[in-house]
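Take a look at the structure set out below.
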Amino acid sequence: MFSAIKLQNELNTESSSNMIKWDVIYGNNLELIRERKSALSQLVENFIEIFSEDRIVYISRAPGRVNLMGRHIDHQGGFINTVAINKEILLAFSPRNDNKIQIHNLESVQFPSHQLSPISILDVSSYSDWKSFTTSVQVKEFNKLNSGDWSLYILAIYYRLQIHFNEIGFKGLDCVVSGNIPVGSGLSSSSALGVAFAKALLHVNKISLTDKHLIELTGESELFVGFHGGKGDQAAIISAKNGMVNKIGFFPFHIDKTTHFPEELKLVIAFSGSSSKKGEGAQSTYNQRVASYAIGLKMLQHGWKLTKSVSHIRDLTPERLHVSSAELLTVISNLPIGPTRKELMDYLNEFDDGFLKKLFLTHDDPGQYDLIGTLLFGISECSRSEFFNEILESYDLEKIGKCIAVSHNGDRLNKSKINLTNFIEYNVPMVDIPGNYDCSTENIDQMVDIANAIPGVIGAQLAGAGMGGNIVVLVKENSAEDVLTELNQKYYTRNNIPFDAHICVPISGASIMGDLA
């Protein structure tokens, strides 16, 4: 517990402060530690200017994440293989004596200040469960009126925790936020903001939660902004260990395995120049893909007894069903090609029970649903993500590269039409089938192709949920600078886009910084 001015003085000294165990968070990277101390000093200085140097101040932090394998499948029970990176949200906060929340951001033009009174804004007292609240008319209307405002993610966390801890009258807090995770970049900036604020709110109210419980609640909070994704981002951000890759499973949540990130490799994160934000236009596309999973599974269960008890896409792999790839692909090939909503309603009418109508409310009508392509991607990505950790640990660079290439091809635009007949005839393993999730962009694909042509690159792929944002490049250490140079010359300069690519390192997950002292 320190005053803001004392923390500021400590951060400005050359010697390493005893308040924070920097190496636990960032490893022994002295350059990174100096940069993070400078960012934290600027944040505390801003806190002092807005509030007071005498206020007790705490620091909550939450990093961005990179998913090396397991895209679009956490909500389907699939594994993700993640690291936290040295791009993070920092939040300086101090308790209040009332229930109000005052938020400021160093980027005040993009993220305006707010004084929030959550209890006055929306009444949660009449709701016993989170789903009823988030699907209520008052929440939907509030979201429309405040679409795109960063305060929605703060309120989402507050309301999710308040409904869960309904016997506690939450105290509020004053906070100042900074961050170097680009918004809409596919590195989970909004999830990191939510986790950082959740840790701060819980700290102020002296509530302790297990990581598993915190992941559940923060993941569910995004229903408030209408995002029907999984909890993979929150799991990666909260559970990360310095220099490690976590293989994380869901339903139930568990850390299946932790592997050292190879010292011989580096991660390059490169921004495409276009953002994709959960709370805005891309949301409907994300939700439509999730709905396609659910509809595809429902239709398989209607016609294939072997899948009757299956609850998640991860359980449709040949290994789990104990069938050949050819048999599984044959059944999938019998699904309707590009059905419309009317055709789906006609097909599933006697089995529906409101199932389709509820799903249709989550997204705009796409005209046709690519059930076959979406299912193929989901099942094959579940297969790839299940063994990716093993090939990373064995340092099989050829297999790693092939796995990444096939995975990105499943999101690639303008690819060749899926030829299921050949896949069936040759009993092609699911891990080698890209499917068609179709969430990349032309710019992302261009960047991936440039990176993959550079000697020393193991693989390049879309980062995050897609529709813009970053690519992630796994590259040999001595070729990392070459990736920056080539992308600058062949992508950024040629497209008149500001250069925005960085070599990143795996760091520790979210924390209250003083708690690590």
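FYI, it's all coordinate maths here, none of it is from the lab. Just so you know, these numbers come straight off a predicted model, no measurement behind them. With ideal geometry, Cβ positions are generated from the backbone for all residues, glycine too; neighbour counts draw on all protein chains shown.
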Computed over the chain, the relative contact order (Cα-Cα under 8 Å, seq sep at least six) in percent reads 22 percent
Expected sort for 66-74, 257-265, 213-221, 196-204 on mean C-beta neighbours within 10 Å, highest first, is 66-74, 196-204, 213-221, 257-265
For segment 282-504, averaging the sequence separation of alpha carbon pairs under 8 Å that lie six or more residues apart and dividing by its residue count, the contact order in percent is 19 percent
Overall form of segment 347-434 per C-alpha gyration tensor (a/c, 1.5; a/b vs b/c) | prolate
Among Val176, Pro318, Ser120 - extreme Cα towards positive end, dipole of the chain, charges at beta-carbon = Ser120
Within straight cross-link reach of Lys298, meaning Cα distance under 17 Å, which lysines are found once same-chain residues fewer than 8 apart are removed?
-> Lys308, Lys342, Lys357, Lys358
Taking the Cα centre of segment 340-487 as the origin and placing charges on Cβ (Lys, Arg +1; Asp, Glu -1), which of Ser383, Gln446, Asn419 is farthest toward the positive end of the dipole?
-> Asn419
Most to least packed among 438-447, 115-124 [average Cβ atoms within 10 Å] = 438-447, 115-124
The chain: calculated mean residue ellipticity at 222 nm from DSSP helix runs of at least 4, using -39500 (n - 2.57) | -12500 deg cm²/dmol
Quick one: dipole size for the chain, taken about the Cα centre, charges +1 on Lys/Arg Cβ and -1 on Asp/Glu Cβ, in debye to the nearest 20.
-> 600 debye
Go through Val331, Tyr293, Asn99 and say which Cα lies farthest out towards the positive end of the charge dipole of the chain; charges sit on Cβ, +1 for Lys and Arg, -1 for Asp and Glu.
-> Asn99
Between segment 307-385 and segment 466-494, what's the alpha-carbon centroid distance in Å?
-> 35 Å
How far is the Cα center of segment 139-216 from the Cα center of segment 9-65, in Å?
-> 21 Å
